[in-house]
1. Take Gly68 and tell me if it is part of a helix (DSSP H, G or I) and either loosely packed, with under 11 Cβ neighbours inside 10 Å or modelled with pLDDT of 95 or more (or both).
2. Within the stretch 89-133, restricting attention to residues that are closer than 20 Å to Leu5 by Cβ and of a type in the set (Val, Ile, Thr), which residue is modelled with the highest pLDDT?
3. Considering only residues that are touching a residue at least 24 places away in the same chain (Cβ under 8 Å) and under 15 Å from Val82 (Cα atoms), which ones fall in the stretch 19-37?
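The values are calculated or read from the model by the stated rules, or taken from the named source; none is laboratory data. If you're wondering where the values come from, they're calculated on a predicted model, not measured in any experiment. Here the Cβ positions follow ideal geometry from the backbone for every residue, glycine too, while neighbour counts run over all protein chains shown.
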Amino acid sequence: MLNYLGPFLITWAITALSLWVASYLFKGIRFEGAGSVIIAALLLGFANAIVRPLLIVLTLPLTVLTFGLFLLVINALVLLLVSALVRGFKVSGFWTALFASIFISILSFLISATIDGGTPETRIQMPSEGNWL
């Protein structure tokens, strides 16, 4: 169990950092303090783990029709949900949430790729000899 604590804390910190940077780039995102950033990052992680998959399954036909672009709307809705639940975290509207969720996803990915470089469990190992299939 403690093996998962380190990666969880790193992911939480990366999400908090991405939210904090997004609040400086987007005028429609505001945090009242560091505590609200930390709680918003934690709740965003839980919402992405629990609520987002449910929304994806429920809106699967619409997602297929839009060739996956509706997933961006789901990300924005999850960000708006978190802002409604966390006191001290405000998102001004849907379009701000849409562009901020895209930015947060990209920045989190870039920071994670830079810091982590891939954990041994996720690193792809190419076979050194023999058949690849």
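1. No.
2. Ile111
3. Taking the stretch 19-37 first, the residues touching a residue at least 24 places away in the same chain (Cβ under 8 Å) are 19, 21-22, 25-33, 35-37.
Leu19, Ala22, Gly28, Ile29, Arg30, Phe31, Glu32, Gly35, Ser36, Val37, listed by residue number.
Residue-wise test of (1) at positive phi; (2) surrounded by fewer than 16 Cβ atoms within 10 Å (Cβ to Cβ); (3) in contact (Cβ under 8 Å) with a residue 12 or more places away in the chain; (4) within 12 Å of the chain's Cα centre (by Cα).
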position: Asn3; (1), (2), (3), (4): no, yes, no, no
position: Ala16; (1), (2), (3), (4): no, no, yes, yes
position: Leu44; (1), (2), (3), (4): no, no, yes, yes
position: Ala49; (1), (2), (3), (4): no, yes, no, yes
position: Val57; (1), (2), (3), (4): no, yes, no, no
position: Ala76; (1), (2), (3), (4): no, no, yes, yes
position: Leu81; (1), (2), (3), (4): no, no, yes, no
position: Val91; (1), (2), (3), (4): no, no, yes, no
